[in-house]
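Heads up, the thing below is written out as structure tokens.
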Amino acid sequence: MAVISAGTTLIDAGAISVPTGALILIKSITASSSASISFVDGASGVVFDGTYKSYIFKFIDVHPSTEADNTVFHFQCSTDGGSNYNTTMTSSHFRAGNYEDDSDRFLSFNITQAQSQDTDFASLINGSIGTDNDQSASGFLQIFNPADTTFVKHFISRTNSHNLNNVSMVAYNGGYFNTTSAIDAIQFKFSAGDVDNAVIKMYGVT
Amino acid sequence: MAIISDGTTIADAASFSVSLGNMVLLNTATASNSASLSFNSTYITSTYPIYKFEFINIHPATNSAYFQVNLSIDNGSNYNVTKTTTYYHAYNNEAGDAYALNYDPARDLTQSTSYQDISYQTGNDNDQSTSGNLFLFDPSSTTFAKHFLININTYSDVSGTDYSINTYVGGYGNTTSAVNAINFKFSSGNIGSGQIKLYGIKGS
């Protein structure tokens with residue numbers, strides 16, 4: 001039996017045809033002393049292909065196991081299903097910070113965290129997150145049209161972190177993976193030590 | 001025919017009345033050597049308090065053109081709403097020898113009806129484009145100005161050099177009339193290709 005309302009078939013032949021929300025949760029991964037977190041198309045229920053025109057990753061309370069200067073939370077993408085995370089990218093990176101003791105505040109470009117046709121991992125934060133129990137980073141990363149084979153793959157991100165020197169630090173990235181190959185995997189990790197705790201949610205935007 | 005369960009209307013008037021997410025795709029406009037792309041009062045109404053536009057690989061026909069936006073209060077007859085805005089960007093070239101975070105006073109608007117630049121000199125090589133987002137807040141208000149926020153990234157050609165340019169624009173349409181249409185174009189030449197997706201974000 002079909003359910004038809006105002007001339008529109010809503011339920012028929014074992015399927016429901018209704019408009020869904022445009023932000024679709026694809027996968028949520030919780031880190032616990034994890035060396036890295038990866039989302040690979042076709043693995044563990046992950047869809048990272050041409051199904052969606054953009055993908056949004058939300059980072060919730062990313063907490064490191066290791067506290068050291070210049071230890072950053074960063075990411076890279078793969079064009080070979082996660083065998084290699086080394087896609088060439090060019091990007092910009094700027095940050096604003098304010099110290100809890102009111103000793104300094106700033107807004108500036110940071111070339112050491114930017115990429116210039118590099119295959120390194122790109123930092124999503126500025127400076128290093130502390131390992132105090134209440135210190136972490138949160139934010140988002142959006143990647144546009146990763147499965148396209150004509151254009152480079154643009155991304156934008158913004159995070160705020162509780163720096164090891166007790167600085168509230170907001171970091172902005174914009175860039176592109178300079179490849180016309182389809183991107184089909186992404187990996188997040190710290191430059192040293194494990195991801196002690198984090199939730200990373202991956203969404204597809206219809 | 002409506003479906004009512006325990007006093008709650010589940011389905012009626014060709015729609016389900018259930019929680020289906022708070023961001024709803026309203027329309028997708030695809031450019032194919034198009035002079036501009038527009039969304040009119042069919043989509044921009046009082047239904048949603050926030051509208052989000054996603055730009056997917058906006059590619060110019062003419063090299064180093066600026067992708068632009070303007071608003072209308074007469075359903076697209078005129079795109080000339082007075083605006084005051086800020087425009088700043090972080091850029092880095094592929095050689096890594098030219099980079100900065102700059103406010104660009106040549107790109108902001110001060111009570112101007114001109115189009116607002118979104119990108120900075122988008123290149124027209126086959127792999128060059130602009131992608132990002134624009135949020136338009138409460139366009140149907142007849143009390144407040146109409147705020148908007150833009151963040152995009154561009155693969156730019158600036159005097160023959162390739163840059164990644166991350167642009168931020170904030171501003172308001174300085175009108176208490178309802179905004180009911182929006183237009184996107186390049187400062188020079190057509191939109192060779194690209195998609196703009198329009199979403200409504202529910203307020204409750």
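General remarks:
- The set of residues in the range A:27-55 being surrounded by fewer than 18 Cβ atoms within 10 Å (Cβ to Cβ) and within 14 Å of another protein chain (Cβ to nearest Cβ) consists of A:GLY50, A:THR51.
- Test: residue in the range B:187-204 that is of a type in the set (Lys, Arg) and away from chain A (no Cβ under 14 Å): no
Residues are listed down the side, and each one gets a yes or a no for (1) over 27 Å from B:LEU198 (Cα atoms); (2) buried (at least 18 other Cβ atoms within 10 Å of the Cβ); (3) away from chain B (no Cβ under 12 Å); (4) not basic (Lys, Arg):
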site: A:PHE177; (1), (2), (3), (4): no, yes, no, yes
site: A:ALA182; (1), (2), (3), (4): no, no, yes, yes
site: A:ILE186; (1), (2), (3), (4): no, yes, yes, yes
site: A:LYS189; (1), (2), (3), (4): yes, yes, yes, no
site: A:ALA192; (1), (2), (3), (4): yes, no, yes, yes
site: A:ASN197; (1), (2), (3), (4): yes, yes, yes, yes
site: A:LYS201; (1), (2), (3), (4): no, no, yes, no
site: A:VAL205; (1), (2), (3), (4): no, yes, no, yes
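- Condition check for A:HIS162 on (1) surrounded by fewer than 16 Cβ atoms within 10 Å (Cβ to Cβ); (2) more than 30 Å from B:TYR163 (Cβ to Cβ): one failure, at (1).
- Of the listed requirements (1) charged (D, E, K, R); (2) without any contact (Cβ under 8 Å) to a residue 60 or more places away in the chain; (3) within 11 Å of chain B (Cβ to nearest Cβ), A:LYS153 misses just one: (2).
- Filter result (within 18 Å of A:PHE94 (Cβ to Cβ), more than 11 Å from chain A (Cβ to nearest Cβ) and either surrounded by 16 or more Cβ atoms within 10 Å (Cβ to Cβ) or hydroxyl-bearing (Ser, Thr, Tyr) (or both)) within the range B:120-149: B:TYR120
One line per residue, one yes/no per condition, for (1) part of a strand (DSSP E or B); (2) at pLDDT 95 or above; (3) of a type in the set (Phe, Trp, Tyr); (4) touching a Leu at 6+ places or on another chain (Cβ under 9 Å):
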{"residue": "B:MET1", "(1), (2), (3), (4)": "no, no, no, no"}
{"residue": "B:ILE10", "(1), (2), (3), (4)": "yes, no, no, no"}
{"residue": "B:LEU20", "(1), (2), (3), (4)": "no, no, no, no"}
{"residue": "B:VAL24", "(1), (2), (3), (4)": "yes, yes, no, no"}
{"residue": "B:ASN27", "(1), (2), (3), (4)": "yes, yes, no, yes"}
{"residue": "B:ASN33", "(1), (2), (3), (4)": "yes, yes, no, no"}
{"residue": "B:TYR43", "(1), (2), (3), (4)": "no, yes, yes, yes"}
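- B:TYR168 touching a residue at least 40 places away in the same chain (Cβ under 8 Å) and either in contact with a His (Cβ under 7 Å, 6 or more places away or on another chain) or within 13 Å of chain A (Cβ to nearest Cβ) (or both): yes
- Some residue of the range A:98-114 being crowded, with 21+ Cβ neighbours inside 10 Å and of a type in the set (Phe, Trp, Tyr): no
Here's the yes/no breakdown for (1) surrounded by fewer than 19 Cβ atoms within 10 Å (Cβ to Cβ); (2) within 16 Å of B:SER187 (Cα to Cα):
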site: B:VAL69; (1), (2): no, yes
site: B:GLY76; (1), (2): yes, no
site: B:THR86; (1), (2): yes, no
site: B:GLY96; (1), (2): yes, no
site: B:ALA106; (1), (2): yes, yes
site: B:ILE118; (1), (2): no, yes
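- The single condition among (1) in a strand (DSSP E or B); (2) free of Cβ contacts under 8 Å to residues at least 12 places away in the same chain that A:ASN197 does not meet is (2).
- Options A:SER138, A:SER108; residue that is under 17 Å from the mean Cα position of the chain (by Cα) and either of a type in the set (S, T, N, Q) or modelled with pLDDT under 95 (or both): A:SER138
- Of all positions in the range B:82-95, at least one carries a residue that is closer than 25 Å to B:LEU198 by Cβ, within 16 Å of the chain's Cα centre (by Cα) and within 14 Å of chain A (Cβ to nearest Cβ).
- Selected residue (criterion: farthest from A:SER191 (Cα to Cα)) from residues of the range A:141-165 that are modelled with pLDDT of 95 or more and part of a loop (DSSP other than H, G, I, E, B): A:THR150
- Considered as a group, the residues in the range A:79-97 that are under 18 Å from A:SER191 (Cβ atoms) and among the hydroxyl-bearing types (Ser, Thr, Tyr) include one that is surrounded by the most Cβ atoms within 10 Å (Cβ to Cβ), and that residue is A:SER91.
- Filtered by the rule that a residue be in a strand (DSSP E or B) and more than 22 Å from B:SER129 (Cα to Cα), the range A:58-93 gives A:LYS58, A:PHE59, A:ILE60, A:ASP61, A:VAL62, A:HIS63, A:PRO64, A:PHE73, A:HIS74, A:PHE75.
- All conditions in (1) in contact with a Pro (Cβ under 7 Å, 6 or more places away or on another chain); (2) part of a loop (DSSP other than H, G, I, E, B) hold for B:GLY192, with the sole exception of (2).
- Some residue of the range A:90-99 being among the hydrophobic types (A, V, I, L, M, F, W, C) and at pLDDT below 95: no
The values are calculated or read from the model by the stated rules, or taken from the named source; none is laboratory data. Remember, it's a predicted structure, so these values are computed and weren't measured experimentally. All Cβ positions, glycine included, derive from the backbone under ideal geometry; neighbour counts span all protein chains shown.
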